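Following: one structure in structure tokens, then a few remarks.
The values are calculated or read from the model by the stated rules, or taken from the named source; none is laboratory data. Please read these numbers as outputs of a predicted model, since none were measured by experiment. Positions of Cβ are generated from backbone atoms using ideal geometry, with glycine treated the same way; all protein chains shown enter the neighbour counts. In case anyone asks, the SASA skips ligands and DNA or RNA and just uses the protein heavy atoms, side chains included. Shrake-Rupley method; radii C 1.70, N 1.55, O 1.52, S 1.80 Å.
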Amino acid sequence: MKDAPAILGRQQTLEKCMAALAAGGGVLVTGPAGIGKSALLDAIGSACAAAGQLVLRSASSAAESWLPYLGLYDLFSDAVAARPEVVPYHLRPAFDGVLLRSVPDGAATDQLAIRVAVVEALRALSAERPVLLILDDVNCLDSATAEVLAFAVRRRQGSRVRVLAAERLSEGQEPTWWGLLPEDAVEIALGNLPGPVVSELLRTRLGLRPTDKLSQRIRDASGGEPLFAPGLGRAGPASGAGGHAGDPLLVS
């Protein structure tokens, strides 16, 4: 994991996140677009799954944020399909309606039933092994899912249900999604990568040597953003792969 290009320069941050989760709390990873939040969540999720934890993940997008309960579908559809008994029988119509496993009716849209169904499902799943809820791009999570998860997180038992979320923030903004995390959750803000790490990223992703002029130009132009730098490298300068010092870099 240490040498994975996706988390180059983030090893200490990854270890800090893992320690906070192991302590039984939650972690909110913040930063601007392209800073590497999703890559960090991927690495943490893989490590937790390898350690035997049940990892349930939702990856929201602005284009789909208007769809109610989409986040619950992402998180629970596979887990409940494999283990329907984790939801008490009398609450299954509510959950099945949300997950579109049945035709919704009056019972299936009962808001308290949906919330209690999620609480009971998490309790049953976490009784067997720790559960990690990963909420990527939480700022795009649909409001119906957010309300249900906030209800469930407030009623989690012990430390066997943990929450790892990523929120896109611009400089100077404050997190707004604390309600989806346990009270003892911590914020971990991601900053730009230092120049040598960006050079190593370009070497592992694109085969550019750190001493190449193009590598140096991309490193300077990217400002240390791990998503922006490889994109500039793939597009290349306007005059071709080598380019001249005055040629503008293309944006992919």
Legend entry - Some residue of region 160-179 being among the polar types (S, T, N, Q), within 30 Å of Ile35 (Cβ to Cβ) and touching a residue at least 24 places away in the same chain (Cβ under 8 Å): yes
Inset, instruction - Return a yes/no flag: does region 113-128 have any residue that is open to solvent by 60 Å² or more (accessible area, probe 1.4 Å), outside any helix (DSSP H, G or I) and touching a residue at least 24 places away in the same chain (Cβ under 8 Å). - result: no
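A quick yes/no check of all residues on (1) more than 30 Å from Arg203 (Cβ to Cβ); (2) open to solvent by 60 Å² or more (accessible area, probe 1.4 Å); (3) of a type in the set (A, V, I, L, M, F, W, C):
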residue: Ala22; (1), (2), (3): yes, yes, yes
residue: Gly26; (1), (2), (3): yes, no, no
residue: Thr30; (1), (2), (3): no, no, no
residue: Gly52; (1), (2), (3): yes, no, no
residue: Trp66; (1), (2), (3): yes, yes, yes
residue: Val87; (1), (2), (3): yes, no, yes
Legend entry - Residues (surrounded by 22 or more Cβ atoms within 10 Å (Cβ to Cβ), within 15 Å of the chain's Cα centre (by Cα) and assigned to a strand (DSSP E or B)) located in region 156-195: Arg162, Val163, Leu164, Ala165, Ala166, Glu167
Inset, instruction - Being among the aliphatic types (A, V, I, L, M) and touching a Leu at 6+ places or on another chain (Cβ under 8 Å) is the filter; apply it to region 196-206 and report the residue that is most open to solvent (accessible area, probe 1.4 Å). - result: Val197
Legend entry - Test: residue in region 221-232 that is over 30 Å from Leu125 (Cα atoms), touching a strand residue (DSSP E or B) at 6+ places or on another chain (Cβ under 9 Å), acidic (Asp, Glu) and modelled with pLDDT under 80: no
Legend entry - Single condition Ala146 does not satisfy, out of (1) at pLDDT 95 or above; (2) out of contact with any helix residue (DSSP H, G or I) (no Cβ under 6 Å at 6 or more places or on another chain); (3) hydrophobic (A, V, I, L, M, F, W, C); (4) surrounded by 23 or more Cβ atoms within 10 Å (Cβ to Cβ): (4)
Legend entry - Lone unmet requirement of (1) closer than 30 Å to Gln11 by Cβ; (2) touching a Cys at 6+ places or on another chain (Cβ under 9 Å) for Asp74: (2)
Legend entry - Among residues of region 68-85, those that are among the hydroxyl-bearing types (Ser, Thr, Tyr) and either more than 24 Å from Asp142 (Cβ to Cβ) or open to solvent by 30 Å² or more (accessible area, probe 1.4 Å) (or both), counted: 2
Legend entry - From Ala39, Ala81, Ala47, residue being without any contact (Cβ under 8 Å) to a residue 40 or more places away in the chain and either in contact with a Ser or Thr (Cβ under 9 Å, 6 or more places away or on another chain) or not in a loop (DSSP other than H, G, I, E, B) (or both): Ala81
Inset, instruction - Output the residues belonging to region 1-20 that are among the hydrophobic types (A, V, I, L, M, F, W, C), in a loop (DSSP other than H, G, I, E, B) and surrounded by 18 or more Cβ atoms within 10 Å (Cβ to Cβ). - result: Leu8
Legend entry - Single residue of region 129-143 satisfying the filter (out of contact with any Leu (no Cβ under 6 Å at 6 or more places or on another chain) and not aliphatic (A, V, I, L, M)) that is most open to solvent (accessible area, probe 1.4 Å): Ser143
Inset, instruction - Only residues that are crowded, with 22+ Cβ neighbours inside 10 Å and not in a helix (DSSP H, G or I): list them for region 209-224, please. - result: none
